[in-house]
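A short write-up of the structure that comes next.
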Amino acid sequence: MLEIHTISVPTPYVPGPTNAYLIKNHPCTLVDPGPETEEARKGLLEGLSSLGIGLQDISRVVITHSHSDHSGLARWINEQAGSEIYVHKSEERKLQKDYIYYHERLPFLAEAGIPENVLNEIFEDKDPVVKPVLPESGVVLVHGGEELDFTGGTATVLHLPGHSSGHICLFEQASGILLAGDFILKHITPNPVMEADPADYSKRTPALRQYLAGLRRVEMMKIGLILPGHGKTIDNSAETMVNAQKHHARRLEACLAKLTGRPLNTYQLMREFYPKIRGFQIYLGISEIFAHLDYLVEEELAAREERGGVSYYTKKSA
Ligand SMILES: [Zn+2]
Ligand SMILES: [Zn+2]
């Protein structure tokens with residue numbers, strides 16, 4: 001069995017610290033090292049040293065997804081220790097130096113009907129952490145299904161998109177432990193973050209559909225314990241998967257209820273749920289609402305019409 005330890009790495013973000021997981025078996029592997037900040041570097045090094053591990057002992061770093069609170073320190077570890085970095089193909093693209101976060105998303109923001117001053121507010125809310133970038137060598141791309149062998153155990157890579165198109169989890173069948181990244185958290189519902197479809201950048205990924213499929217898939221698996229990317233360990237896996245599905249079913253219903261008898265655009269509908277959020281949180285709100293609207297349109301429960309480049313939605317009558 002794998003010997004897995006949690007290291008709490010500080011972040012400047014709202015969800016709080018990131019849980020980095022050290023798998024002490026050979027080859028020594030670190031999952032989600034945390035953001036590229038001095039505080040995080042210090043926290044990680046202290047955590048490793050309390051477990052009798054130095055940076056040089058780390059052979060592999062696994063990044064569950066590209067978000068900076070998980071992936072940022074991977075390049076530094078690669079440079080310091082020559083560790084290989086395992087990441088999903090869809091995330092690799094987002095971890096390139098020249099990748100600009102909003103580029104592919106600009107048409108979606110226009111389609112959402114966001115007023116110009118609000119758009120500026122989103123763009124001006126700068127990330128407090130530098131953009132994570134992969135090193136030039138030592139990157140191993142995974143697609144899901146790979147087995148990572150250790151002395152004394154094996155972990156399987158599971159591709160579970162939705163929060164991010166290339167989100168992966170590690171599953172140790174022998175113990176039933178799932179290293180879950182942001183796939184599932186105890187007290188927060190992960191955002192189905194809006195992204196351009198790698199197969200056709202003019203389209204959004206069906207983030208909510210992908211995410212719900214992942215929840216159903218994990219619900220069927222025999223998971224003993226979930227070690228999430230933030231917050232506390234989850235010991236009631238199946239129930240947590242069901243609750244997350246119920247949360248989205250309720251949110252889909254709530255969206256439909258607000259679209260009865262009057263068309264709303266994505267920004268207007270987002271403000272119905274989140275009247276007060278500011279800055280980057282508005283982007284996340286838009287992202288969440290778009291995910292639900294795309295799902296409702298695909299399911300033919302809502303109708304979409306375009307007016308002046310903005311999509312408006314209404315509930316379809318039964
Ligand atoms: Zn994330
Ligand atoms: Zn996170």
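The values are calculated or read from the model by the stated rules, or taken from the named source; none is laboratory data. Bear in mind that the values here come from a model prediction, so they are computed numbers and not experimental data. Glycine gets a Cβ as well: all are built from the backbone with ideal geometry, and neighbour counts include every protein chain shown. Surface areas here come from the heavy atoms of the whole protein model, side chains and all, with no ligands, DNA or RNA. Shrake-Rupley method; radii C 1.70, N 1.55, O 1.52, S 1.80 Å.
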*Search result, residues across region 29-54 that are away from ligand 1 (no atom under 16 Å from the Cβ), touching a Phe, Trp or Tyr at 6+ places or on another chain (Cβ under 9 Å) and open to solvent by 10 Å² or more (accessible area, probe 1.4 Å)*: 41
*Considering only residues that are in contact with a helix residue (DSSP H, G or I) (Cβ under 8 Å, 6 or more places away or on another chain) and open to solvent by 50 Å² or more (accessible area, probe 1.4 Å), look in region 123-136 and name the one that is farthest from residue 69 (Cα to Cα).*
125
*asked:* With touching a residue at least 60 places away in the same chain (Cβ under 8 Å) and open to solvent by less than 10 Å² (accessible area, probe 1.4 Å) as the only criterion, which of 208, 227, 215, 269 stands out?
replied: 208
_Residue list for region 55-92, restricted to those being among the charged types (D, E, K, R) and open to solvent by 60 Å² or more (accessible area, probe 1.4 Å)_ = 57, 75, 79, 84, 89
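Each row is one residue, and each column tells you yes or no for (1) of a type in the set (A, V, I, L, M, F, W, C); (2) closer than 28 Å to residue 124 by Cα; (3) within 14 Å of ligand 1 (Cβ to nearest atom); (4) modelled with pLDDT under 95.
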| site | (1), (2), (3), (4) |
| --- | --- |
| 63 | yes, yes, yes, no |
| 66 | no, yes, yes, no |
| 69 | no, yes, yes, no |
| 73 | yes, yes, no, no |
| 79 | no, no, no, no |
| 84 | no, no, no, no |
| 87 | yes, no, yes, no |
| 101 | no, yes, yes, yes |
| 109 | yes, yes, no, no |
_With the requirement that a residue be closer than 23 Å to residue 187 by Cβ, open to solvent by less than 50 Å² (accessible area, probe 1.4 Å) and without any contact (Cβ under 8 Å) to a residue 60 or more places away in the chain, what does region 14-28 give you?_
20
*Every residue from region 110-122 that is free of Cβ contacts under 8 Å to residues at least 40 places away in the same chain and surrounded by fewer than 15 Cβ atoms within 10 Å (Cβ to Cβ)*: 116, 117, 120
*Provide a single number: the residues in region 172-193 that are at pLDDT 95 or above and either among the β-branched types (Val, Ile, Thr) or away from ligand 2 (no atom under 16 Å from the Cβ) (or both).*
8
*asked:* Can you pull out every residue in region 230-266 that is within 16 Å of ligand 1 (Cβ to nearest atom) and either among the β-branched types (Val, Ile, Thr) or open to solvent by 20 Å² or more (accessible area, probe 1.4 Å) (or both)?
replied: 231
*When residue 143 is evaluated against the numbered criteria (1) open to solvent by less than 20 Å² (accessible area, probe 1.4 Å); (2) more than 16 Å from ligand 2 (Cβ to nearest atom); (3) in contact with a strand residue (DSSP E or B) (Cβ under 7 Å, 6 or more places away or on another chain), which criterion, by number, is the only one it fails?*
(1)
*Residue satisfying condition, being away from ligand 2 (no atom under 12 Å from the Cβ), within 17 Å of residue 131 (Cβ to Cβ), of a type in the set (Ser, Thr, Tyr) and out of contact with any His (no Cβ under 7 Å at 6 or more places or on another chain), within set 11, 37, 6, 29*: 37
